[in-house]
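K.L.:
Please find one structure pasted underneath; my questions will follow.
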Amino acid sequence: MPWNPNTYLKFKTERAEPLKDLMKLVKIRPNIKVLDLGCGTGELTAELSEQLPKSEVIGIDNSSEMLEKTVKLEHPGLHFELKRIEDTDGKWDMIFSNAALHWVTDHYSLIPRLIKMLNQGGQLVAQFPSGHRNKAQKAISEVASIEPLSSTMNNWQWSFPVLETEEYAELLFSNGGSEITVYDKVYPHILQNADEVFNWISGTTMIPYLERLPESLHEPFRQKIRTRLHQIWQTRPLLYPFRRIILAATF
C-alpha cells in the first residue's frame with residue numbers, strides 16, 4: 001500500500017518539532033557529503049542542505065509517492081533517490097535520519113553498519129519514535145489480533161525494533177563514537193479529538209497492517225481502530241504524548 005504524503009503532512013508542524021532538537025546536534029561544516037535516510041517529501045532534507053554550505057546532500061526514501069513532492073526542491077547539491085535504507089552504501093561525512101530508522105529491523109546490526117559508512121570524522125545524527133508503549137500503537141495491535149483480521153494476516157504483528165536509550169549509547173561508544181549524545185524526549189502534542197489521533201497513525205503506523213489485509217477488510221480495520229481510540233481518548237482537546245529517541249556521535 002503506498003504512503004500518502006498528504007495524510008502524512010497533515011501534522012507537518014508537529015512532526016517538524018523534533019527536527020529542531022536534531023539540528024542542534026548537527027556539526028555545521030562546508031563541503032561534506034551527506035546522506036538523509038528516509039527523507040519523505042524532502043522539506044527537512046532541503047532545510048539540512050541550507051545549513052551545510054557547498055555540500056552534496058542526497059535524500060533517499062522507499063516511497064515513490066513521497067518522492068514526487070521532492071522534484072521542486074532539487075538543485076545542484078541536493079538530490080533525491082528511490083532506495084531502501086537497507087540498501088544504502090558508499091562513504092559519507094554525515095548520515096542523517098529524521099523519523100525513519102524505526103522502520104528498519106535489527107538495530108544491533110543497523111547502527112554499526114551505518115557507522116562503517118562514515119568517513120573519518122563523520123557524524124551520525126538521527127531521531128526516531130520510541131513509542132512501542134504508545135496507547136495508539138497498542139490499540140492497533142489489539143485490533144489486529146481480532147478475527148478475521150488476525151488469521152487473514154497469519155497472526156502478524158509489527159515488531160517494534162527500537163532499543164532502550166542506553167543501548168544506543170553503548171552501541172555508539174563500542175563502535176568508536178565520541179561526542180555522544182543520546183536522550184529520550186516526549187513531545188506533548190495537543191490534538192482536538194481522537195479522530196486526529198486516528199489521522200496521525202493512518203499516515204504511518206497503520207500502513208504495514210493495511211498492506212497485509214485485503215481491500216474488503218480495510219474499512220472494518222479502520223473503524224475498529226477509530227472506535228478503540230475514542231474509548232481511550234474521551235476528552236477534547238487531548239494530549240497525545242509522542243516519545244522519541246534523539247542521538248548523535250562523531251566517529
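All of the numbers you see were taken from the coordinates with simple rules; none came from a lab. Owing to the predicted nature of the structure, the values given are computational and were not obtained by experimental measurement. Methodologically, a virtual Cβ is constructed for each residue, glycine included, from the backbone with ideal geometry; neighbour enumeration extends over all protein chains shown.
K.L.:
Against the longest alpha carbon principal axis of the chain, how many degrees, from 0 to 90 and to the nearest 10, is the axis of helix 12-23 turned?
P.N.:
For 12-23 against the chain, the angle is about 30 degrees.
K.L.:
Can you compute 3J(HN,Hα) from phi for each residue in the range 70-78, using the Karplus curve 6.51 cos²θ - 1.76 cosθ + 1.60 with θ = phi - 60°, rounded to whole Hz and x for Gly and Pro?
P.N.:
Going residue by residue, I get 8, 4, 6, 8, 5, 7, x, x, 9 Hz, with x marking Gly and Pro.
K.L.:
May I ask you to compute the full-extension gain from Lys20 to Phe173, defined as 0.36 nm times their residue separation minus their alpha-carbon distance, rounded to one decimal in nm?
P.N.:
Full-extension gain reported as 52.6 nm.
K.L.:
Please get the size of the charge dipole for the range 5-250, origin at its Cα centre, with Cβ charges of +1 on Lys and Arg and -1 on Asp and Glu, quoted in debye to the nearest 20. Write out the running numbers ahead of the final one.
P.N.:
Working: 28 positive and 31 negative charges, 99 e Å.
Value, rounded to 20: 480 debye.
K.L.:
While we're looking at this one, here's another question. Pop the C-beta distance of Glu86 and Gln234 into the FRET formula with R0 = 41 Å and round what comes out to the nearest 0.05. Mind showing how you got there, number by number?
P.N.:
Values: r = 41 Å, r/R0 = 0.99.
Using R0 = 41 Å, I get an efficiency of 0.50.
K.L.:
Under the classification rounded if a/c is under 1.5, otherwise prolate if a/b is larger than b/c and oblate if not, where does the chain fall, given a ≥ b ≥ c as square roots of the Cα gyration tensor eigenvalues? Before the final figure, lay out the partial values.
P.N.:
Values: a/c = 1.79, a/b = 1.66, b/c = 1.08.
Judged from the Cα gyration tensor, the chain comes out prolate (a/c at least 1.5, a/b above b/c).
K.L.:
HN-Hα J couplings of the range 32-40 from phi, Karplus 6.51/-1.76/1.60, θ = phi - 60°, integer Hz, Gly and Pro as x?
P.N.:
Couplings: 10, 9, 10, 10, 9, 8, x, 6, x Hz.
K.L.:
Along the charge dipole of the range 5-250, which of Thr250, Ala194, Thr45 sits closest to the positive end, that is, farthest toward it, with unit charges on the beta carbon of Lys, Arg, Asp and Glu (+1, +1, -1, -1)?
P.N.:
Ala194
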